[in-house]
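Derivation of every value follows stated rules applied to the coordinates shown; laboratory data play no part. Values in this document were obtained by computation on a predicted structure and should not be read as measured data. So basically every Cβ, Gly included, is an ideal-geometry build from the backbone, and we count neighbours across all protein chains shown.
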Amino acid sequence: MAEMHPLTQAVIDGDKATAVELTQQCLDEGEAAASIVEERLVPGMAVIGEQFQCDEIFVPEMLIAANAMKASMALLEPLIAESGVKAPYTAVIGTVEGDLHDIGKNLVAMMWKGANMEVIDLGVNVPPVKFAEAVVEHEPQLVGLSALLTTTMPAMKGTVEAIRATGCLLYTSDAADD
């Protein structure tokens, strides 16, 4: 098995200071910001995702790793923007109306950014009309609705209805057609 790049390992370990230091080192050595994301950071979060899926780690460890990636991304995002590289996909994400929790939303948004998506983060307590307006304005390929509280889950239905009312097509699986 090939040895992991130290930056990838720093993300897996959730070592924010080392991740930032190694990100800067990669930049100083001439690596392109986009390739650092694709070849160093995303593979680290992929390992974290696999570990989470296998119950080897839990949400706190995933958040620690995500914070290490976020710190590295703070150095890279301005460089990616300067380079004129346009993300191939756009995503809109927010926490539905009535819910103020954002940890899960922030984690997903960061992972999407790391996967080279432009992410429009609407924040928390977002009314359905704001999601609908963002879908019309940004024409995303992906919309993420976050809700932690079971009492706010009905807001998801209202948000989907508001988006559908815009005339924008939402993805439906073949199973939904049965």
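The long axis of helix 103-114 is offset from the longest Cα principal axis of the chain by roughly 60 degrees. For region 23-123, the relative contact order is 31 percent, taking Cα pairs closer than 8 Å that sit 6 or more residues apart in sequence and dividing their mean separation by the residue count.
Remark: relative contact order (the chain) = 20 percent; criterion is Cα-Cα distance under 8 angstrom and separation of 6 or more residues.
Ranked by the mean number of other Cβ atoms within 10 Å per residue, highest first, peptides 154-161, 38-45 order as 38-45, 154-161.
Under the convention that each Lys and Arg Cβ holds +1 and each Asp and Glu Cβ holds -1, the size of the dipole of the chain around its Cα centre is about 500 debye. Looking at the square roots a ≥ b ≥ c of the eigenvalues of the Cα gyration tensor of region 1-45, which shape do they give, rounded for a/c under 1.5, prolate if a/b is larger than b/c, or oblate? Oblate, since a/c reaches 1.5 and b/c is not below a/b.
Using the charge dipole of region 1-82 (Lys, Arg: +1 at Cβ; Asp, Glu: -1 at Cβ; taken about the Cα centre), state which of GLN51, ALA68, SER35 has its Cα farthest towards the positive end. In region 1-82, that residue is ALA68. Pop the C-beta distance of VAL85 and PHE52 into the FRET formula with R0 = 45 Å and round what comes out to the nearest 0.05. Efficiency at R0 = 45 Å is approximately 0.95. Taking a ≥ b ≥ c as the square roots of the eigenvalues of the alpha carbon gyration tensor, region 27-157 is oblate, as a/c is not under 1.5 and a/b does not beat b/c. Relative to a virtual label point 7 Å from the Cα of GLU38 in the Cα→beta-carbon direction, which members of region 82-121 show backbone nitrogen distances below 13 Å? Within reach of a label on GLU38: 85-89, 115-117. Computed extension gain for GLU77 through THR166, at 0.36 nm per residue and net of the alpha carbon distance, reaches 28.9 nm. With Cα atoms defining each centre, region 68-127 and region 140-170 are spaced 18 Å apart in the structure.
Over region 27-70, the fraction of Cα-Cα pairs per 10 Å bin, rounded to whole percents and listed from the shortest bin up, is 27, 46, 21, 6. So which of LYS70/LYS157; LYS105/LYS130; LYS16/LYS105; LYS105/LYS157; LYS70/LYS130; LYS70/LYS105 end up more than 22 Å apart, counting from Cα to Cα? Among LYS70/LYS157; LYS105/LYS130; LYS16/LYS105; LYS105/LYS157; LYS70/LYS130; LYS70/LYS105, the Cα-Cα distance tops 22 Å for LYS70/LYS157; LYS70/LYS130. For the chain, the longest principal axis of the C-alpha atoms and the axis of helix 128-138 are separated by about 60°.
Helical runs assigned H by DSSP (4 residues or longer) give the chain a calculated mean residue ellipticity at 222 nm of -17500 deg cm²/dmol, each run adding -39500 (n - 2.57) before division by the residue total. Each of ALA132, TYR89, MET111 was placed along the dipole of region 67-156 (beta-carbon charges, centred on the mean Cα), and the one lying farthest toward the positive end is MET111. Helix 42-53 axis versus longest C-alpha principal axis of the chain: approximately 60°, rounded to the nearest ten.
Here the relative contact order of region 98-159, from alpha carbon pairs under 8 Å that lie six or more residues apart, stands at 45 percent.
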